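Colleague: There's a structure below that I have some questions on.
The values are calculated or read from the model by the stated rules, or taken from the named source; none is laboratory data. All figures in this text were calculated on a predicted structure; none of them were measured in a lab. Neighbour counts run over all protein chains shown; Cβ positions are idealised from the backbone, glycine included.
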Amino acid sequence: MPPDDRIAAEPLRAFTAAVFRAAGSDEAEAQLVGDHLVDANLVGHDSHGVIRAAKYLEWHAKGQVIANQHVDVVRESPCHVLVDGQFGYGQVIGREALDLAIAKAWQSGVCVLGIRNAGHLGRIGAWAEQAAEAGLASIHFVNTSGFGILVAPHGGTDRRLSANPIAAGAPAADGAPMILDMSTSAIAEGKIQVARNQGKQLPEGCTIDADGMPNRDPERFYGPPPGALLPIAGHKGSGLSVFCEILAGALTGGLTTNPANETAGRLVNNMTSILFDPAAFCGVDEFNAEVMRMAQWVKASPPATPGGEILLPGEIERRTRAARERDGVPLDAVTRRQINDSVRPLGLELPTGVAA
């Protein structure tokens, strides 16, 4: 994108926080939500970045997400905690819940965290990053029990599952943790929004239309009648998605994807996370050394293409962050217009300009 289509990160953070503050969030919540969205842009996950602000404002106006909510502990033990998000912003609920789980993992060596009834939890890799910054390895399973039903099961032709992401993280002695962040659908719905705004076609094999036929047109995906996302890797991705429903939805009491659910009229995320303290297992030094040895072994594989490179989980995101912190966050004209339209009643407008 040309420089005029980029916004420096810090002005974008200030703007996004101002949006949620003007919409009724207190200062801490506005900052958390804004930082989370901008951080998603910085690491290249534009589908979970500031493009979401307009939708969040719409949900808030309809009472589908509630400002200034906090975690409510439903039950807990020394090595587990279940919290209810009370339909608050997922960025706040996720951080508070992870703080509780991190403290328990430090005490007990492991903690299983369940979150139910949170608003959109955003980029799930952020929660693996939070655990890794605390020196913990983790894995996270997410489902949507509200109106986020988007994915056809393997062999099916209509929407039955949500995009159901999985994330995992491991700390590293050099300060560069490995972070896996993936959807069990072949493409995240937010990436379809980005492609539509940019006037681009979708990759092959990601969506079907309402007749169950292969589709690359974002407009045809949205319909009417709507199409569906496909799972990654056929039956394997479909199976992983089903277990996201079981572990994140059924186990937490947050429910699974079904239009008959009491939460079906709003977007609700549920997440089950398992956090591990290496000190309670093999020991921190041995863990770090073995992770490094494995990483070096994997990266030493001869590349399939001349000049190619073997990348580990999280490397692309770190490189993208460095580039965008230097050059600014790209936002296409359609996304800019949508955001400005949504914040105009609040007396706000997107900033312009890039970092020097």
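Colleague: State whether one or more residues within region 135-147 are more than 28 Å from Arg321 (Cα to Cα), surrounded by fewer than 23 Cβ atoms within 10 Å (Cβ to Cβ) and not basic (Lys, Arg).
Modeller: Yes, that holds for at least one residue.
Colleague: Given (1) more than 14 Å from Trp59 (Cβ to Cβ); (2) surrounded by fewer than 24 Cβ atoms within 10 Å (Cβ to Cβ), where does Phe87 come up short, assuming only one miss?
Modeller: Here Phe87 clears every test but (1).
Colleague: Within region 288-308, can one find any residue that is assigned by TED's automatic domain parsing to the domain that holds Asn117, at pLDDT 95 or above and assigned to a loop (DSSP other than H, G, I, E, B)?
Modeller: no
Colleague: Output the residues belonging to region 313-347 that are assigned to a loop (DSSP other than H, G, I, E, B) and either buried (at least 18 other Cβ atoms within 10 Å of the Cβ) or modelled with pLDDT under 95 (or both).
Modeller: The answer is Pro313, Gly314, Gly328, Leu331, Asp332.
Colleague: Report yes if some residue within region 159-172 is more than 20 Å from the chain's Cα centre (by Cα) and on the phi > 0 side of the Ramachandran plot; otherwise report no.
Modeller: no
Colleague: Within region 267-284, can one find any residue that is in contact with a helix residue (DSSP H, G or I) (Cβ under 8 Å, 6 or more places away or on another chain) and loosely packed, with under 13 Cβ neighbours inside 10 Å?
Modeller: Yes, because at least one residue in region 267-284 is in contact with a helix residue (DSSP H, G or I) (Cβ under 8 Å, 6 or more places away or on another chain) and loosely packed, with under 13 Cβ neighbours inside 10 Å.
Colleague: All but one of (1) of a type in the set (A, V, I, L, M); (2) modelled with pLDDT of 95 or more; (3) more than 28 Å from Pro313 (Cβ to Cβ) hold for Ala264; state the number of the condition that does not hold.
Modeller: (2)
Colleague: Could you list all residues from region 82-132 that are of a type in the set (A, V, I, L, M, F, W, C) and either farther than 14 Å from Phe276 by Cα or modelled with pLDDT under 95 (or both)?
Modeller: Within region 82-132, Leu82, Val83, Phe87, Val92, Ile93, Ala97, Ile115, Ala118, Leu121, Ile124, Ala126 meet the criteria.
Colleague: Kindly evaluate Ala233 against the criterion of being exposed (fewer than 15 other Cβ atoms within 10 Å of the Cβ) and touching a residue at least 24 places away in the same chain (Cβ under 8 Å).
Modeller: no
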